[in-house]
């Protein structure tokens, strides 16, 4: 954990928006310092967040360890794919994760501006996929490698959505 820009790739730990190109980002206390002051300076409790997610989150946190169903998803401890379903630019809580529902309700991970930015990213990925689909067979391997190596990195904006989309295309036999 920690606030290292390298760790979050300059993205918000919650919504995966690139923030470093337009703002400094907020130092986010995963467990709010207002609720658990002893954790205020613990490196493991700090991350980088956009001002919108940080503002939406506020001091949301359930300090009752016996009630984890009300706890927010921790971007370092929890694998988002186990809690959210990714449908291109739309992210929805999985029906089997109350924590994802609570997290989505508080952080508003499907707010309009995020959906629009994810849509733009998906259209870019779709353009690469169209180039791949329409290319000469001798170039397909190179184009697929380019997609995987240069456009689906953890450091890319909305990488979770993009990788889930590519995974679905592979599962459906559309991509090798």
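The values are calculated or read from the model by the stated rules, or taken from the named source; none is laboratory data. Computed from a predicted structure; not experimentally measured. Cβ placement follows ideal geometry from the backbone for every residue including glycine, while neighbour counts extend to all protein chains displayed.
Taken across the range 79-102, residues that are without any contact (Cβ under 8 Å) to a residue 60 or more places away in the chain, touching a strand residue (DSSP E or B) at 6+ places or on another chain (Cβ under 8 Å) and in a helix (DSSP H, G or I) do occur, with at least one present. In this entry, residue 161 is excluded by the filter for residues that are in contact with a strand residue (DSSP E or B) (Cβ under 8 Å, 6 or more places away or on another chain), closer than 26 Å to residue 20 by Cα and not in a helix (DSSP H, G or I).
Residues that are part of a helix (DSSP H, G or I) and surrounded by fewer than 13 Cβ atoms within 10 Å (Cβ to Cβ) within the range 149-158 comprise 149, 150, listed in sequence order. Residue-level analysis places residue 131 outside the set of residues that are assigned to a helix (DSSP H, G or I) and touching a strand residue (DSSP E or B) at 6+ places or on another chain (Cβ under 9 Å). When residues in the range 164-176 are screened for being free of Cβ contacts under 8 Å to residues at least 60 places away in the same chain and either more than 16 Å from residue 130 (Cα to Cα) or in a helix (DSSP H, G or I) (or both), 7 of them pass. Being touching a helix residue (DSSP H, G or I) at 6+ places or on another chain (Cβ under 9 Å) and in contact (Cβ under 8 Å) with a residue 24 or more places away in the chain is a description that does not apply to residue 133.
Of all the listed residues (126, 146), the sole one being in a helix (DSSP H, G or I), out of contact with any helix residue (DSSP H, G or I) (no Cβ under 8 Å at 6 or more places or on another chain) and surrounded by 12 or more Cβ atoms within 10 Å (Cβ to Cβ) is 126. Restricting attention to the range 38-74, the residues being in a helix (DSSP H, G or I), at pLDDT 85 or above and either out of contact with any strand residue (DSSP E or B) (no Cβ under 6 Å at 6 or more places or on another chain) or more than 21 Å from residue 155 (Cβ to Cβ) (or both) number 6. None of 165, 139 is crowded, with 18+ Cβ neighbours inside 10 Å and either over 27 Å from residue 73 (Cα atoms) or under 17 Å from the mean Cα position of the chain (by Cα) (or both) except 165. If you filter the range 15-37 down to residues that are in a loop (DSSP other than H, G, I, E, B) and within 14 Å of the chain's Cα centre (by Cα), you find that the one that is surrounded by the fewest Cβ atoms within 10 Å (Cβ to Cβ) is 17. The set of residues in the range 104-117 that are in contact (Cβ under 8 Å) with a residue 60 or more places away in the chain and under 14 Å from residue 75 (Cβ atoms) comprises 107, 109.
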